[in-house]
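The structure appears below as structure tokens.
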There are 2 protein chains.
Amino acid sequence: MLNEKMRKLGTKRSTIRELFEYGKSLRRERGDDAVFDYSLGNPSVAPPKKVDEVLTKLIKDCSPTLLHGYTSAEGDIEVRSRIADYIRTSFGANADPSLIYMTAGAAAALSAVLGAVVTEGESVITPAPYFPEYKVFVEACGANLVPVLTRADFRPDIDAIAKAIDKTTAAIIINSPNNPTGVVYPKEDIAALAGLLKDKSEEFGKTIYLISDEPYRELVYDGIEVPFVPNFYKNTVVCYSYSKSLSIPGDRIGYAFVSPDMADADTVFRTICGAGRALGYVCAPSLLQRLVAECCGISSDIGIYKKNRDTLYSALTEYGYEMARPDGAFYLFVRSLCPDAKEFSLAARKYGLLLVPSDDFGCPGYVRIAYCQSPDMIERSLIAFRMLAEEFKNTL
Amino acid sequence: MLNEKMRKLGTKRSTIRELFEYGKSLRRERGDDAVFDYSLGNPSVAPPKKVDEVLTKLIKDCSPTLLHGYTSAEGDIEVRSRIADYIRTSFGANADPSLIYMTAGAAAALSAVLGAVVTEGESVITPAPYFPEYKVFVEACGANLVPVLTRADFRPDIDAIAKAIDKTTAAIIINSPNNPTGVVYPKEDIAALAGLLKDKSEEFGKTIYLISDEPYRELVYDGIEVPFVPNFYKNTVVCYSYSKSLSIPGDRIGYAFVSPDMADADTVFRTICGAGRALGYVCAPSLLQRLVAECCGISSDIGIYKKNRDTLYSALTEYGYEMARPDGAFYLFVRSLCPDAKEFSLAARKYGLLLVPSDDFGCPGYVRIAYCQSPDMIERSLIAFRMLAEEFKNTL
């Protein structure tokens, strides 16, 4: 008997993935130049040269049985030490290699962490709009995702979150710099959230965990600072991925970081490892673990993303689109020009524009634009955005 | 509230992994030469040269954004086509690229397949001794693993399996060449099992799936043939890994193959993809997908494993140990020299020998010897095996 829940998950693909697949067929039909695929956060900015240099060097110099062999399930201890050093130096935070769990990207980290700190029937809060897979991962634990709408500027609404917390609340997931809005939560928001979680943990007599999903940490513009969440709230697990910072999303490498200041840090860490084991993760890819150890603090050319943001933000604003000006990540969250964002996204396809309708992000009426594309494609797409805006101006 | 089941899984590590970690500390203490680590199926035989050649070439010639970018969740279609071609040509079986799901190794494949074809409260049968993680993966689905002891020669006991099948049976997992016994199931066993599953599926009015876990497919000696299971039973999913054939277990790459002859093959396939999604698998590592597409049908130097098997089998038999002579994989399953295999394994540590007690394999009274080690280590370990045998001869 097939598992009905999994059948649905596999049959109804994520809107983002579906649009990505549609884009591939559209390219075959119309040619590469006529498709402006803003669907997927798949960086078109090349990885830093160092990525391929390190890989080539590892392949050349490292013993192949070590390089391609199993590491400990938690990851290679030297790799984890390098990452702990980086966290200590960069964020002034406590970090312990034995509390870092190397994972196949942030999705694997989130799945393992949720599997550890959430039990059946509990709930997990997240500010909405939110990354749609959160719902999938939370429901896989038999738990319930509770989206809480952000303020109009897409910063978390602390009062609304306070009201949403109840005795079933196991954890809160935040994601800053944010997908899909590009907003970076300032210090005062993190501090307020930390205060709230401390109070509520006391009130309900249990730890409410803060899960900080940070694949976009390095992707910020104009010198904006991203607060390191464990410095504000000790019961934090950071889920990190090198997908975006190093432009290697297909390689699947990241980690879960448990703050050494956390109550029962060791037990929480081992529980995360246990959950990863039950999910079928044996170890994070060994070759890629060794790669990222050499690339701490390095990132792709963020200048390109900044240029893309500036180009799109100024052009789209001129054409009459409304959006928050993002400080980080590589997304614009643009108000749909008609009430139904799905209809708007369908209309955009005519012009070769692939925009993700926001319904699955828990915040209808917008489209997400992933601007991690080549500046050239972005320039060429502007006319399509203008025509789309004009179509809707005329029909309104 | 921490998930208690996951805490246990993370705290009580698999016996194999625990022994592997112990081995690392023992090496630091006594030196590399004094430890004979037979715990982990971590090939010490180097990957074929082609592995590093292909990787270097991919890094040099391939567009980095393609090479390190997301593939479709199911895997790159060209990679899947190459694998389908290989299956068609090598096994004379039907194969369809759109029914091949690239995974992070066989463990990920098994987890996704079980998540798809098993629902809560059902059960999964496997011949015992069996690979201990089967229990973890099956229980993660809220299902129950039902081990059925093999015959004395470690071939499946079809009559006993027939008796064990009931209305809760969702699937049977087989593993040939077998971990931990090294036995290869002959055609007549697969045919008998296929007949049984066909009858029982009819009797219970539902499909009982056959999950064929085949990481050791290429590791067979003396020209022994490994039957391709879907040619015998159409409702088969093959879980394959390149870990052992290419000696790249740390890289985590493999696939799940759904037979196109299966009833509702497309739906089963999509359900497997849905389960993979819920487990946090975004796509199998892109770089490694492209690697294995170039390495179909290639394997490490099996001659070394055969030599190891012959050396160990003849020496250990001479020292008075009892075991089945294995035709494949790289394991010897040796009868413990005292009733409690754990006690025996502890005694072996004195001589630097790390042998896995068989209790977790669902068949007490044996130890597993993973002989995927350097022939040099194996030669040097013989004296330790002899001393161990003598210690027990003297106490009996």
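Here are the numbers for the structure shown:
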{"read-out": "Residues of segment B:182-216 that turn out to be small (Gly, Ala, Ser) and within 17 Å of the chain's Cα centre (by Cα), as a count", "value": "2"}
{"read-out": "A:TYR101 being touching a Lys or Arg at 6+ places or on another chain (Cβ under 9 Å) and of a type in the set (Ser, Thr, Tyr)", "value": "yes"}
{"read-out": "Criterion violated by B:GLU318 - all others in (1) touching a Leu at 6+ places or on another chain (Cβ under 8 Å); (2) open to solvent by 10 Å² or more (accessible area, probe 1.4 Å); (3) free of Cβ contacts under 8 Å to residues at least 40 places away in the same chain satisfied", "value": "(1)"}
{"read-out": "Filter result for the condition that a residue is more than 16 Å from B:GLN373 (Cα to Cα), among the hydroxyl-bearing types (Ser, Thr, Tyr) and over 18 Å from the mean Cα position of the chain (by Cα), over B:THR317, B:THR311", "value": "B:THR317"}
{"read-out": "Any chance A:TYR86 is aromatic (Phe, Trp, Tyr), modelled with pLDDT of 95 or more and in contact with a strand residue (DSSP E or B) (Cβ under 9 Å, 6 or more places away or on another chain)", "value": "no"}
{"read-out": "Residue list for segment A:160-189, filter: in a loop (DSSP other than H, G, I, E, B) and of a type in the set (Lys, Arg)", "value": "A:LYS167"}
{"read-out": "Filter pass, A:SER25 being at the interface with another protein chain (Cβ under 9 Å from one of its Cβ atoms) and out of contact with any Lys or Arg (no Cβ under 9 Å at 6 or more places or on another chain)", "value": "no"}
{"read-out": "A:VAL124 vs. criteria under 24 Å from A:VAL238 (Cβ atoms), buried (at least 19 other Cβ atoms within 10 Å of the Cβ) and within 11 Å of another protein chain (Cβ to nearest Cβ)", "value": "no"}
{"read-out": "Enumeration of residues in segment B:190-217 that are assigned to a loop (DSSP other than H, G, I, E, B) and touching a helix residue (DSSP H, G or I) at 6+ places or on another chain (Cβ under 7 Å)", "value": "B:THR207, B:ILE208, B:PRO215"}
{"read-out": "Total residues in segment B:12-49, condition assigned to a helix (DSSP H, G or I), open to solvent by less than 80 Å² (accessible area, probe 1.4 Å) and not small (Gly, Ala, Ser)", "value": "10"}
{"read-out": "Segment B:132-155 residues that are within 11 Å of another protein chain (Cβ to nearest Cβ), paired with ones that are open to solvent by 20 Å² or more (accessible area, probe 1.4 Å) and in a strand (DSSP E or B) (beta carbon under 8 Å, 6 or more apart)", "value": "B:VAL138/B:ASN144"}
{"read-out": "Members of segment B:354-368 that are part of a loop (DSSP other than H, G, I, E, B) and either hydrophobic (A, V, I, L, M, F, W, C) or within 14 Å of B:LEU332 (Cα to Cα) (or both)", "value": "B:LEU355, B:CYS363, B:GLY365"}
{"read-out": "Criterion (among the aromatic types (Phe, Trp, Tyr), in contact (Cβ under 8 Å) with a residue 60 or more places away in the chain, under 30 Å from B:ALA73 (Cβ atoms) and surrounded by fewer than 24 Cβ atoms within 10 Å (Cβ to Cβ)) met by exactly one of B:PHE257, B:PHE228", "value": "B:PHE228"}
{"read-out": "Filter result (open to solvent by less than 10 Å² (accessible area, probe 1.4 Å) and not hydroxyl-bearing (Ser, Thr, Tyr)) within segment A:195-214", "value": "A:LEU197, A:ILE208, A:LEU210, A:ILE211, A:ASP213, A:GLU214"}
{"read-out": "Residues located in segment A:177-191, provided they are closer than 18 Å to A:PRO230 by Cα and either crowded, with 18+ Cβ neighbours inside 10 Å or modelled with pLDDT under 95 (or both)", "value": "A:PRO177, A:ASN178, A:VAL184, A:TYR185, A:ASP189, A:ILE190"}
{"read-out": "Among (1) in a helix (DSSP H, G or I); (2) facing chain A (nearest Cβ under 10 Å); (3) closer than 27 Å to B:CYS295 by Cβ, the one test that B:ARG80 misses", "value": "(2)"}
{"read-out": "Criterion violated by A:GLU294 - all others in (1) over 23 Å from the mean Cα position of the chain (by Cα); (2) of a type in the set (D, E, K, R); (3) closer than 23 Å to A:ALA106 by Cα satisfied", "value": "(1)"}
{"read-out": "In segment B:324-361, the residues that are surrounded by 22 or more Cβ atoms within 10 Å (Cβ to Cβ) and of a type in the set (Gly, Ala, Ser)", "value": "B:GLY328, B:ALA329, B:SER336, B:ALA341, B:SER345, B:ALA348, B:SER358"}
{"read-out": "Residue match in segment B:85-103 (condition: within 8 Å of another protein chain (Cβ to nearest Cβ) and open to solvent by 30 Å² or more (accessible area, probe 1.4 Å))", "value": "no"}
{"read-out": "Some residue of segment B:63-76 being under 26 Å from the mean Cα position of the chain (by Cα), in a helix (DSSP H, G or I) and either on the phi > 0 side of the Ramachandran plot or surrounded by 14 or more Cβ atoms within 10 Å (Cβ to Cβ) (or both)", "value": "no"}
{"read-out": "Only listed residue being out of contact with any helix residue (DSSP H, G or I) (no Cβ under 8 Å at 6 or more places or on another chain), among the hydrophobic types (A, V, I, L, M, F, W, C) and under 30 Å from B:THR11 (Cβ atoms), chosen from B:ALA140, B:ALA106, B:ALA152, B:ALA128", "value": "B:ALA106"}
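The values are calculated or read from the model by the stated rules, or taken from the named source; none is laboratory data. A quick note: this is a predicted structure, and the numbers were derived from the prediction, not measured. Here Cβ is always computed from backbone atoms with ideal geometry, including for glycine, and neighbour counts include all displayed protein chains. Surface areas here come from the heavy atoms of the whole protein model, side chains and all, with no ligands, DNA or RNA. Shrake-Rupley method; radii C 1.70, N 1.55, O 1.52, S 1.80 Å.
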